[in-house]
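Student: The structure is given below, and queries will be raised subsequently.
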Amino acid sequence: MLEIFKHRRTQATEEASTAKETWLTKKKHFRDTEEWKKKKARIMSKLRALSKLNLALVLSRMPSVEKLPDNILTSIFSYLPARQVLVVSSVCRRWRNIAWNPNLWRFVSFRPSYGGLQIANVDHFTHLIGTRFVDMRNVELATDLITPNVLYEMSNKCPKLQHLTLDFSTAMQLHDFTDLQAFPSRLKSLTICLSENIFLEGFLRKVYTFIASVEILHIIGTYEKVEDEEEEVYETVNIFKLKQFLPNLRVVNLWGVPFITDDHVDAISSNCAHLECLSVNYCAKVTGSCLKLVLQRCKKLRCLFLAHTKLDNNIVKTVEWEKTRIEELDIKGTELSSDSLVYIMSRLPHLRWLDASWLEHFNDVVLESWMNSGSIGKLEYLNLDTCDSINEACLVDMINRHGSQLQGLNLGGHHKLLEYFWMNMIPQLKNIRVLVMGIAEDCCPKVVAKIHVDQFIDCIAQNCPKLSRLEIRWDDETLRFSDKSSKFIDVLRMKCLKLHSIVLSDGQYYELVRSNFERADRMSVVRTTEMCRTGNLHCSRYYNHLLFN
């Protein structure tokens, strides 16, 4: 019985194999015929048509930009700079109508040298003021646009205008303002960029009565253009007369004005009882003789910027700093002695922000006296960049005692602060947001030791969850990293979620960190020291008020 079953099974297998070979032969023969080729062509054409139909159906049901309502497109366009709004206005008629919405033209710069729009026809621009720019809040005007007609139109047709910048820095001559009868009268902020030898008294005489509402005044000088100190400097603005018409000033920024002296600062303070922030950065003729009266008159003064001024040590010691409410102080690049620094630091109990970078005489005595006085108790942001007279032991003591309160710390330019120091100090900086370390490649003395950056990155990731800005200045010759560096960078990226700026010296490690963040779609986080510098200025409470370009 078993033999019969095996025989029938073998016979059935052979018959099936024969039938399969016959069918394959017929199939192969049929594919070679013209009938099959025509049939195949008809089938493929129907499939293509069906696929196109399905694709069109899918695309018709997908949401597209064309189906967005006008208010959504307006909101999207509001994130674009003025130049890009002009580009998208050429896409179609609908986008053009949306792009001309006055809500998109609230903040406009017409200063081509600073990335603003170039105006070819002043008459056409004057016509647009009453249509496209009726909702304008902030405008910057180049010299050729500062005309009586433009200012008249803005005063009458831009009732919401609050911030005005008048750039006379490139002026060869002024327009005739004899017929100027109107000027924007609701300004909160006024910025005047001076020329080297163009006198503005004739123009200002026409606008004095319109600027009483100004609270923020910027007068930007020609510090960068003055090369020879013996060259004659013209007083292109009458500060003594201007201050009479600005009783409501809260912020005064006299940046790089070469003719500003202590008398000018004293005159401004005599009429500004509400003054909160005073900046005379790069005003080389200011010696500090005005400070005593300024601080006595302006009881609300909280922020004092004196960077790169010629402060006199004897004059500074006569100021009653302990009676002030100064919270932010910038004495960067001054030539104050150690005694003067001790006198100032130990008498400012409310100080929370200090920039004392590039001070040769800021040494251990100053820092120890400051800590012993107790005035450092409220400090949050400290910049000691290139103050290399301070020893490592004194900085260790300061961070151990006050590291938990620091949110910004800049100790760049210290060739003595190497791996051992930072590995021990980073765990003390639990609340740090801004951190700068290392010394640049071209600084002297040269760093001889090698820095293992992987340990830094891991230590920062584990101890500084609030970090937002980090700068490591050591170059590739000093830094050492391994094949596992990418894993440490991953940990930093995952732990420090608020990190949006890493500044590194250009080289292999910079390329490694940049590619790691780019793979995570964080394209603009990593930058080089050649293009970017990290500081604490953005942490000032008056930072937005002090911006002028």
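Student: How big is the gap, in Å, between the Cα center of the stretch 138-202 and the Cα center of the stretch 245-272?
Tutor: Cα centroid of the stretch 138-202 versus Cα centroid of the stretch 245-272: 20 Å apart.
Student: So, one more: Arrange the peptides 109-116, 137-144 so that the one whose residues have, on average, the most other Cβ atoms within 10 Å appears first.
Tutor: Per-residue Cβ counts within 10 Å, averaged per peptide and sorted highest first, yield 137-144, 109-116.
Student: Let me ask something additional. Please state the charge dipole magnitude for the chain, taken about the Cα centre, from unit charges on C-beta atoms (+1 on K and R, -1 on D and E), reported in debye and rounded to the nearest 20.
Tutor: Value, rounded to 20: 4780 debye.
Student: Same structure again: Considering only Cα-Cα distances, which of the following residue pairs are longer than 19 Å: 332/416; 332/430; 206/243?
Tutor: Flagged as over cut-off: 332/416; 332/430.
Student: Ratio to report: Rg/Rh of the chain, with Cα atoms as the point set and Rh obtained by the Kirkwood method; give two decimals.
Tutor: Answer for the chain: 1.20.
Student: Moving on. Which whole-number percent of Cα pairs in the stretch 398-486 have a distance greater than 21 Å?
Tutor: Considering the stretch 398-486, 28 percent of its Cα-Cα pairs are separated by more than 21 Å.
Student: Take 342, 434 and sort them by solvent-accessible surface of the protein heavy atoms, 1.4 Å probe, largest at the top.
Tutor: Listed by decreasing accessible area, they come as 342, 434.
Student: Further question on the same structure: I'd like the accessible area for residue 175: 1.4 Å probe, protein heavy atoms, all chains in place, Å² to the nearest 10.
Tutor: 80
Student: Please state the Cα pair-distance histogram of the stretch 329-470 with 5 angstrom bins from zero: what percent is in each bin?
Tutor: Binned Cα distances yield the sequence 2, 10, 19, 25, 21, 14, 7, 2, 0.
Student: Another question about this same structure. So what is the 222 nm mean residue ellipticity for the chain from helices alone, if each DSSP H run of at least 4 adds -39500 (n - 2.57) and you divide by all residues, rounding to the nearest 500 deg cm²/dmol?
Tutor: -11000 deg cm²/dmol
Student: Might you work out the accessible area of residue 502 for me, using a 1.4 Å probe with all protein chains in place, and round it to the nearest 10 Å²?
Tutor: 0
Student: Return the sequence-ordered ³J(HN,Hα) values of the stretch 350-355 in whole Hz as given by the Karplus equation 6.51 cos²θ - 1.76 cosθ + 1.60 applied to θ = phi - 60°, using x for Gly and Pro.
Tutor: Working through the residues one at a time gives 9, 5, 10, 9, 9, 10 Hz.
Student: Sticking with this one: Put +1 on the Cβ of every Lys and Arg and -1 on every Asp and Glu Cβ in the stretch 87-231; which of 197, 146, 90 then has its Cα farthest towards the positive end of the dipole?
Tutor: 90
Student: What's the extension gain from residue 538 to residue 420 if we count 0.36 nm per residue and subtract their Cα-Cα distance?
Tutor: The span from residue 538 to residue 420 would gain 39.5 nm if fully extended.
Student: A follow-up question, please. Rounded to the nearest whole Å², what accessible area per residue is found for the chain with the 1.4 Å probe?
Tutor: Result: 52 Å² per residue.
Student: Follow-up. Among 311, 348, 338, which residue has its Cα furthest toward the positive end of the charge dipole of the stretch 244-349, with +1 on Lys/Arg Cβ and -1 on Asp/Glu Cβ?
Tutor: Value computed over the given set: 348.
Student: By how many degrees, between 0 and 90 and to the nearest 10, does the Cα long axis of helix 453-463 differ from the longest principal axis of the chain?
Tutor: Compared with the principal axis, the helix lies near 80 degrees.
Student: What residues qualify as long-range amide H neighbours of residue 302, i.e. H under 5 Å apart, gap of 5 or more or another chain, H built at 1.01 Å from N?
Tutor: Residues meeting the criterion, in which the H sits 1.01 Å from N, are 277.
Student: Could you tally the net charge around residue 103, taking each other residue with its Cβ under 12 Å from the Cβ of residue 103, Lys/Arg +1 and Asp/Glu -1?
Tutor: Summing Lys and Arg as +1 and Asp and Glu as -1 gives +2.
Student: Also, I was wondering about something else. Rounded to the nearest angstrom and ordered from largest down, what semi-axes does the equivalent ellipsoid of the stretch 117-266 get from its C-alpha gyration tensor (root of 5λ)?
Tutor: Largest first, the stretch 117-266 gives 26, 18, 13 Å.
Student: Beyond 18 Å, how much of the Cα-Cα pair distribution for the stretch 293-352 remains, as a whole percent?
Tutor: 28
Student: Then there is this: Once all Cα-Cα distances of the stretch 408-549 are split into 10 Å bins that start at 0, what whole-number percent is in each one?
Tutor: P(r) for the stretch 408-549, in whole percents per bin: 11, 44, 35, 9, 1.
Student: What do you reckon, how do 483, 521, 330 stack up by accessible area (1.4 Å probe), largest on top?
Tutor: 483, 521, 330
Student: Ordered by residue, what ³J(HN,Hα) values in Hz, to whole numbers, does the stretch 356-366 give under the Karplus form 6.51 cos²θ - 1.76 cosθ + 1.60, where θ = phi - 60° and Gly and Pro are x?
Tutor: In residue order, the calculated couplings are 10, 6, 6, 10, 5, 9, 7, 10, 4, 4, 5 Hz.
Student: Quick one: Debye curve from the C-alpha atoms of the stretch 215-336, no solvent, what's log10 I(q)/I(0) at q = 0.11, 0.14, 0.17 Å⁻¹?
Tutor: For the stretch 215-336 at q = 0.11, 0.14, 0.17 Å⁻¹, log10 I(q)/I(0) is -0.33, -0.55, -0.82.
Student: Dipole magnitude of the stretch 131-227 about its Cα centre, charges +1 at Lys/Arg Cβ and -1 at Asp/Glu Cβ only, in debye to the nearest 20?
Tutor: With only Lys, Arg, Asp and Glu charged at Cβ, the dipole is about 520 debye.
Student: With point charges of +1 on the Cβ of Lys and Arg and -1 on the Cβ of Asp and Glu, referenced to the Cα centre of the stretch 217-364, which listed residue (256, 273, 217) lies farthest in the positive direction of the dipole?
Tutor: Selected residue: 273.
Student: Shifting gears a bit: Work out the length of the dipole vector of the stretch 166-281 about its Cα centre, built from +1 on the beta-carbon of each Lys and Arg and -1 on the beta-carbon of each Asp and Glu, and round it to the nearest 20 debye.
Tutor: Around 960 debye, computed over the stretch 166-281.
Student: Which percent of the accessible heavy-atom area of the chain goes to carbon and sulfur, probe 1.4 angstrom?
Tutor: 52
Student: Using the C-alpha gyration tensor of the stretch 238-278, what are the square roots of 5 times its eigenvalues, in whole angstrom, with the largest one first?
Tutor: Semi-axes, largest first: 16, 12, 8 Å.
Student: To the nearest 10 Å², what's residue 539's accessible area with a 1.4 Å probe?
Tutor: About 20 Å², ignoring ligands and nucleic acids.
Student: State the three equivalent ellipsoid semi-axes of the stretch 476-549, derived from the C-alpha gyration tensor as the square roots of 5 times its eigenvalues, in descending order and whole Å.
Tutor: 27, 15, 11
The values are calculated or read from the model by the stated rules, or taken from the named source; none is laboratory data. Remember, it's a predicted structure, so these values are computed and weren't measured experimentally. As a convention, Cβ positions derive from the backbone with ideal geometry for all residues, glycine included, and neighbour counts pool all protein chains shown. Remember, those area values only see protein heavy atoms, side chains included, never the ligands or the DNA or RNA. Shrake-Rupley method; radii C 1.70, N 1.55, O 1.52, S 1.80 Å.
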